[in-house]
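First up is the structure itself, then whatever we jot down about it.
What follows draws every value from the coordinates through simple rules; no lab data is involved. It should be emphasised that the depicted structure is a prediction, and the values quoted were computed from it without experimental measurement. Note: ideal-geometry Cβ built from the backbone for every residue, glycine included; neighbour counts use all protein chains shown.
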Amino acid sequence: MVYKYFEGGEVFYNQGSSFVAMKLLKIPFDGAGFGKGRGAREAPNKIIEQMHDLFLNEAGTGCDYQMIDVPVNHTNIEETNENILKAVSALKERAIILGGDHSITYACMKAFTKQHPGAGIVIFDAHPDAENMFSPPTQEDLLIVLVKEGLVAPDRIILLGRRNWTENEMRFLQEHKIRVYHMLDIQEMGVETVCDAVMETVRQWPAFYLSIDIDAVDPAFAPGTGYLEPGGLTSREIIYFCQRLKLLKNLGMMDIVEVNPPLDVRDMTSKLAAKLVKELS
Ligand SMILES: [Mn+2]
C-alpha cells in the first residue's frame, strides 16, 4: 500500500495504475500589491512545461489534464477577479488552479464558497497575509478580507507553515482564534501528527479549499518566489501533506501560487509545483 488510510475518514484511494481526469486552471495574474509577486504570471506555463517530465504519480495514478486559460488584466484586479469568478463557478468537479500571485485565491474562494456554503480553507504559507485591508485583497491581506467579508468562518481556516508575521497579523490571528500550525509546531509535533490533526478537523467541514503559497516551502527547495523565508517545510514534507490531504473526499479546489520563474534557480520551484500537481491529481 502506498498511502496509509486515514482512520475513520472517507478517502479517495487508488491502488495500482489508474487514470483520472483533472482540470487545470491557468491564472497568470501578478498585478496585486507592491510588486513582490511580479513574475508569477510566467508560472502556469512553466509549471505545465515541467509536468512533461513527470509520468505517473507516486501512487501510480496517471492523469489527463484539461487546461483552461483564465483571461487576466494585470492593471485591473477587479476585472481579473470577475473572470476568475466566472471560470471557477463553471467548474463542477475538483480542479487545480495555477497562479499567479496569492491575490487570486480571493475570487477562487468566493466562487467556491458559493458552490459549497460553509466551506473552509487550508492555507500553506510562510505568512498569515493579514496585514492590511485592501478590497479587493492583495497577497498581503487575503486572509483578513476572507474573514471580514464573511466568505469563510474563522474556525474553518487552518494555516500551516507560518514563520514570519507582523504584530497586526499576530493580533488578528489571536482575536479570531484562527488555527495555525506554525513551523515550530510542525517541527515539534511532527508532520504526520499535524497532518492527522488537520484531516480530523477538515473532514467535518462540508468542503474545503487547499491553497499552497510556495513560500511555505523552505527557499532551499523553492527559491523561485518573491519572499524568501528561511526555516520552511522541505519539499518532501509538502508532498506528504498533498498526498494525504487529497485523499479527503470533501477536498474541492486547490491552488498553487507565488511561483516566480524569473527568480528561480534551474526551474527547481516550478518543478516542485509540477510535482505537487501530479501528487494532488
Ligand atoms: Mn506568503
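Observations on the structure shown:
- Estimated distance in nm for a label pair at Lys148 and Met170, the labels positioned 7 Å out from Cα along Cα-to-Cβ: 2.2 nm
- Positive-end residue of Asn57, Ser211, Met133, charge dipole of segment 18-280 with Cβ unit charges: Asn57
- Antiparallel content of DSSP bridges confined to the chain, in %, to 5: 5 percent
- Computed over the chain, the per-residue total of -39500 (n - 2.57) for DSSP H runs of n ≥ 4 gives a 222 nm mean residue ellipticity of -10000 deg cm²/dmol, rounded to 500.
- Computed packing ranks the peptides 88-97, 127-136 as 127-136, 88-97, most packed first, by mean other Cβ atoms within 10 Å.
- Taking 21 Å as the limit for the C-alpha separation, the pairs Lys23/Lys86; Lys92/Lys177; Lys23/Lys246; Lys249/Lys278 exceed it in the case of Lys92/Lys177.
- Computed from the alpha carbon positions, the gyration tensor of segment 25-79 leads to an equivalent ellipsoid with semi-axes of 29, 13, 8 Å, biggest first.
- All Cα pairs of segment 86-126, percent lying beyond 17 Å: 28 percent
- Relative contact order (percent, whole number), the chain, Cα cutoff 8 Å, 6+ residue spacing: 24 percent
- In segment 18-280, inverting the average of 1/r over every pair of distinct C-alpha atoms gives 17.9 Å as the Kirkwood radius.
- Under a 5 Å amide H cut-off, with hydrogens placed 1.01 Å from N, Gly120 pairs with Ala207, Phe208, Tyr209 among residues at least 5 apart or on other chains.
- Label sites at Val20 and Asp155, each approximated as a point 7 angstrom past Cα along Cα to Cβ, lie 3.0 nm apart.
- Charging the Cβ of each Asp and Glu at -1 and of each Lys and Arg at +1, and nothing else, the dipole of segment 18-280 about its Cα centre rounds to 740 debye.
- The convex hull defined by the C-alpha atoms of segment 212-281 has an orientation-averaged projected area of 4.3 nm².
- The simple Förster model, with R0 at 45 Å and r as the Cβ-Cβ distance, assigns Arg266 and Met189 a FRET efficiency of 0.85.
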